[in-house]
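*Asks:* One structure, as structure tokens, below. Some questions next.
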Amino acid sequence: MKTKKAHLQLFCCFLLVPSMLLGSQYDTRMRELSQPNDVTFNARLWGDEFAWQHETEDGYTIIQDRTDGYWYYATHGLDGDYVPGNYKVAIDQPVGISPHLRRVDPIRSEIQARMEQSSIQFNTQRVS
């Protein structure tokens, strides 16, 4: 009887593990972030295991510059991904920047390819 119970528990674990390994949507909701000069603003981090972004309460996509630590309103880099623009969040007005900026090609296609590859790998492992 103990052996059957142990096998059932092990079987249930194997059923649960794949579902725990699947990615899912992530959203921190609004939280307070701060600039190096202590100016604060609200933003959220959202996305999934393939792509994520920060967005302010009024919908502007933002990115933190690794060199100076400031948060900037995002623009597109040459690869279509986000790069810091010229305007600091909660310090400057985002002149000429549209809210709800999204990645564009070629990075968008690269992200889509990673998603498809992950799906293929998962489905292959499920069938095996």
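The values are calculated or read from the model by the stated rules, or taken from the named source; none is laboratory data. Keep in mind that this is a model prediction, so the values were computed, not measured. A quick note on method: Cβ atoms are made from the backbone with ideal geometry, for glycine too, and the neighbour counts reach across all protein chains shown.
*Asks:* With respect to the numbered conditions (1) within 29 Å of Asp38 (Cβ to Cβ); (2) of a type in the set (D, E, K, R); (3) under 20 Å from the mean Cα position of the chain (by Cα), which one is the sole condition not fulfilled by Arg108?
*Replies:* Going through (1) within 29 Å of Asp38 (Cβ to Cβ); (2) of a type in the set (D, E, K, R); (3) under 20 Å from the mean Cα position of the chain (by Cα) one by one, Arg108 breaks only (1).
*Asks:* Among the residues of region 28-65, which ones are free of Cβ contacts under 8 Å to residues at least 40 places away in the same chain, more than 20 Å from Gln112 (Cα to Cα), of a type in the set (D, E, K, R) and in contact with a strand residue (DSSP E or B) (Cβ under 9 Å, 6 or more places away or on another chain)?
*Replies:* Hits for region 28-65 are Arg29, Arg31, Glu32, Arg44, Glu57, Asp65.
*Asks:* Condition test on Ala74, is it at pLDDT 95 or above, within 19 Å of Glu32 (Cα to Cα) and part of a loop (DSSP other than H, G, I, E, B)? Please lay out each step first, then the result.
*Replies:* Working: at pLDDT 95 or above: yes; within 19 Å of Glu32 (Cα to Cα): yes; part of a loop (DSSP other than H, G, I, E, B): no.
For Ala74, the condition - at pLDDT 95 or above, within 19 Å of Glu32 (Cα to Cα) and part of a loop (DSSP other than H, G, I, E, B) - is not met.
*Asks:* Checking the conditions here, which among Ile107, Ile120, Ile111 is in contact (Cβ under 8 Å) with a residue 60 or more places away in the chain and among the aliphatic types (A, V, I, L, M)?
*Replies:* Ile111
*Asks:* Sticking with this structure for a sec: State all residues of region 98-128 that are at pLDDT 95 or above and either among the aliphatic types (A, V, I, L, M) or in a helix (DSSP H, G or I) (or both); if no residue qualifies, say none.
*Replies:* Matches in region 98-128: Leu101 only.
*Asks:* Now a separate question. Any idea which of Glu57, Glu49 is of a type in the set (D, E, K, R) and within 19 Å of Ile107 (Cα to Cα)?
*Replies:* Going through Glu57, Glu49 in turn, the sole match is Glu49.
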